[in-house]
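Taken together, the values in this text are just the output of simple stated rules run on the coordinates, not laboratory data. Everything numeric in this text was worked out from a predicted model, so none of it was measured. Neighbour counts run over all protein chains shown; Cβ positions are idealised from the backbone, glycine included.
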Amino acid sequence: MTSGNLLTDNPELYEVRFPDPDRLAGRWTEDCLRRYGAGSVPVRTVLDLGCGTGRDAAYLHTAGRSVVGADLSEAMLAYARDRHPGPRYVRADLRDFSLGAFDAVVCLDSSLLYCHTNDDLDGFLASCRRSLAPGGLLVAEMRNGAYFLGRDDLLNTPKVNGFDWQGTSYRSTTTLHIDRTAQLLRRIRTWTADDGSAPVEQHSAWRLLLPLELRHFLAAHGFTVLALHDGPGPRTEPPWREGDLPGTAADADRLHVVARLTG
Ligand SMILES: C[S@@+](CC[C@H](N)C(=O)[O-])C[C@H]1O[C@@H](n2cnc3c(N)ncnc32)[C@H](O)[C@@H]1O
């Protein structure tokens, strides 16, 4: 058994497993950027943190923005440069970065939750503040920690998934559990393949961030919350559609936040 992340080490497989053919995440983000703007001016420059394969960064580039995509994974960045050209892609850690000045910072599909500790969150928000002019926007979309208060439907039971990719059959067994002390949602995923390779065990964790906790961190770093809700969004059921307005509840399993730097 070896350790690794089959999905982030193989960005092509990542896009196969998490398809977004209609660029829903990019379109939802673009809608937020247009709806709120950067103070009195439109959003022109965007930093996509934890950009992954680059498909959202490239969508925003195609929509006319000047975009930088940043990620910690060299494999993701190489794939993004090759398959989703347009933005500039750079290696950076979202917990402490300095990549220039932007009108908006976006952070999609739980990338923000790689800030595991309060110091990580402070580092992320201090870096965002340094990167934005007053009026600049922060747009993020992630799991909602509050969903797990009193619900265990996603927890502790192994979920098995099978699929074929490039002539090999893969099987993943995934278990989520809550580490209350660290306030993390931990995932153990075991991969097996029928190509004779050894099984791979992958460990991941996301911060369990509660909506009011997020509001507190944002306010402490000079941000005013413009929207904070559980949907509709790009990964909700039903998914967001053009023209949908932001909701007001924060109960379901996804959290969407738009905040403006005002302080
Ligand atoms: C779930 S993926 C989301 C990718 C992309 N935002 C999307 O929505 O498709 C999370 C990404 O965050 C990156 N990541 C994890 N920790 C990071 C960190 N500390 N700094 C920057 N990127 C990080 C991973 O390499 C991965 O590409």
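For region 148-206, what does the relative contact order come out to in percent, with C-alpha contacts under 8 Å and a separation of six or more? Relative contact order, region 148-206: 25 percent. Of 158, 206, 170, which is farthest towards the positive pole of region 148-206's charge dipole, taken about the Cα centre with +1 and -1 on the beta-carbons of Lys, Arg and Asp, Glu respectively? Checking the options against the dipole of region 148-206, the answer is 206.
The charge dipole of region 72-148, taken about its Cα centre with unit charges on the Cβ of Lys, Arg, Asp and Glu (plus for the first two, minus for the last two), comes to roughly 220 debye. P(r) tail, region 127-244: Cα-Cα pairs separated by more than 17 Å, 70% of all pairs.
Volume per residue, Å³, of the convex hull around the alpha-carbon atoms of region 148-206?
85
Per the Debye formula on identical point scatterers at the alpha carbon atoms of region 1-107, with no solvent, log10 I(q)/I(0) at q = 0.10, 0.14, 0.16 Å⁻¹ is -0.28, -0.53, -0.68.
So, by mean Cβ neighbours within 10 angstrom, what's the order for 12-21, 147-156, 218-227, 200-209 with the highest one leading? Intermediate values should be presented prior to the final figure.
Numbers: 12-21: 14.4, 147-156: 12.1, 218-227: 17.1, 200-209: 18.6.
Top to bottom by mean Cβ count within 10 Å: 200-209, 218-227, 12-21, 147-156.
Over every Cα atom in the chain, the radius of gyration and the widest Cα-Cα span, Dmax, amount to 18.2, 59 Å.
Decide, for region 70-184, between rounded, prolate and oblate: order the square roots of the alpha carbon gyration tensor eigenvalues as a ≥ b ≥ c, take rounded if a/c falls under 1.5, and otherwise choose prolate if a/b is larger than b/c, else oblate.
Details: a/c = 2.56, a/b = 1.26, b/c = 2.03.
It comes out oblate by the Cα gyration axes.
Of the peptides 85-97, 243-255, 56-68, the order by per-residue mean of other Cβ atoms within 10 Å, starting with the highest, comes out as 56-68, 85-97, 243-255.
When restricted to Cα atoms, region 17-67 yields an Rg and a Dmax of 11.1, 39 Å, respectively.
Based on C-alpha pairs under 8 angstrom that are at least 6 apart in sequence, region 1-155 has a relative contact order of 23 percent. Close amide H pairs (under 5 Å, H built 1.01 Å from N) link residue 251 with 230, residues at least 5 positions away or on another chain.
Using Cα pairs closer than 8 Å and at least 6 residues apart in sequence, work out the relative contact order for the chain, in percent.
19
Counting each DSSP H run of 4 or more residues in the chain as -39500 (n - 2.57), what helix-only mean residue ellipticity at 222 nm follows after dividing by all residues, to the nearest 500 deg cm²/dmol? So the helix-based figure for the chain works out to -7000 deg cm²/dmol.
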